[in-house]
1. Residue pairs, Cβ under 6 Å, 6 or more apart or interchain, first in region 195-206 and touching a residue at least 60 places away in the same chain (Cβ under 8 Å), second part of a helix (DSSP H, G or I) and among the small types (Gly, Ala, Ser). List them.
2. Here are the criteria: (1) in contact (Cβ under 8 Å) with a residue 24 or more places away in the chain; (2) surrounded by 15 or more Cβ atoms within 10 Å (Cβ to Cβ); (3) not hydroxyl-bearing (Ser, Thr, Tyr). Tell me which single one residue 81 does not satisfy.
3. Go through the residues of region 218-229 one by one and say whether even a single one is in contact (Cβ under 8 Å) with a residue 24 or more places away in the chain and either exposed (fewer than 14 other Cβ atoms within 10 Å of the Cβ) or within 19 Å of the chain's Cα centre (by Cα) (or both).
4. Do we have residue 211 as at pLDDT 90 or above and not basic (Lys, Arg) here?
5. Based on what the data block shows, is residue 133 small (Gly, Ala, Ser), more than 16 Å from the chain's Cα centre (by Cα), under 20 Å from residue 274 (Cα atoms) and surrounded by 20 or more Cβ atoms within 10 Å (Cβ to Cβ)?
6. One residue is enough: does region 67-84 have a residue meeting the conditions over 16 Å from the mean Cα position of the chain (by Cα), of a type in the set (Lys, Arg) and under 27 Å from residue 29 (Cα atoms)?
7. With the condition being modelled with pLDDT under 85, I'd like the helices (runs of 4 or more DSSP H) fully within region 1-108 carrying at least 1 qualifying residues.
Amino acid sequence: MSSQPPFGEIQSAVANAPGVPVIRNVNWGGLRTLYVKEVRRFFKVQLQTIWAPAITTLLYLIIFTVALGGRGRAQVMGVPFGDFIAPGLIVMGMLQNAFANASFSLLVGKIQGTIVDYLQPPLSTSELLAGIAGGAVTRAFCVGGAVWLAMALWPGIDVTPHHLWAILWFGFLGSLFLSFLGVLTSIWAEKFDHAAAVTNFVVAPLALLSGTFYSVDRLAPAFRAISHLNPFFYIISGFRYGFLGVADSPIAIGSALVLAINVALGLLCYMLLRRGWKLKS
């Protein structure tokens, strides 16, 4: 008489019924794998993705400080002009690179036909979004660290942190905001021209017109009101507060506003990824 169990019992022991999840909680292994993949992708070309933005941002600093008074002669909000624009340039580099990283992942998969590499693995929608956004935030902080190091070594510029929590918090909020915006762009875009259009006509103008190179208090009331509608303004103002101890806007209000925008964008990304809009045939 055979001691083996019936075939049905063997099949039920090795396979779950259709629709029954095998991984019932967070797939930490899969999430870690996706995050490491995203980080390795930009780190393999770190000369282009990390150090080149640092050099470009440093050139911005040199050009504007020389053109507007040199070392220490121009004052904005009671501090030298170079010290004033340095934090804004750091976080602007972080935001632009967070968007670039997040907007590339799904888009290149759609164009090259490898989008299945993101959709087929046993990852939930939230895990997929967390892995892509986490890689973009990591690149943003790598760029921010490289820019800060370059400015710290530049004579005449003081980038000593005064409130480290504000630097980390607003740097994280801003990077996450642009990461979600990049994911939305990569879902919507069908070619690289579409992503470049969002970069040139949305991200770049909002970043440059957010008080990076000037204090909004010097603007006319109408333009000052428009500036307060720009989320980049609150990110840069809070990040600058971490270095200078002064800000153009209330820190708590800016933090709550950007956090609310991140929650809204995150939910929108989640819904679109879950539906597979423009990702699944």
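1. Partner pairs satisfying both residue conditions: 195/103.
2. The number of the failed condition is (1).
3. Initial filter on region 218-229 (in contact (Cβ under 8 Å) with a residue 24 or more places away in the chain): none.
Checking region 218-229: not a single residue is in contact (Cβ under 8 Å) with a residue 24 or more places away in the chain and either exposed (fewer than 14 other Cβ atoms within 10 Å of the Cβ) or within 19 Å of the chain's Cα centre (by Cα) (or both).
4. On the way: at pLDDT 90 or above: no; not basic (Lys, Arg): yes.
It is false that residue 211 is at pLDDT 90 or above and not basic (Lys, Arg).
5. Details: small (Gly, Ala, Ser): yes; more than 16 Å from the chain's Cα centre (by Cα): no; under 20 Å from residue 274 (Cα atoms): yes; surrounded by 20 or more Cβ atoms within 10 Å (Cβ to Cβ): yes.
No: the conditions fail for residue 133.
6. To start, the set of residues in region 67-84 that are over 16 Å from the mean Cα position of the chain (by Cα) comprises 67-84.
Now restrict to residues that are of a type in the set (Lys, Arg): 71, 73.
Add one more test, that the residue is under 27 Å from residue 29 (Cα atoms), and what stays is none.
No, that holds for no residue.
7. 7-14, 52-67
The values are calculated or read from the model by the stated rules, or taken from the named source; none is laboratory data. The structure presented is a predicted model; accordingly, all values stated were derived computationally and were not measured. FYI the Cβ positions are ideal-geometry reconstructions off the backbone, even for glycines, and counts take in every protein chain you see.
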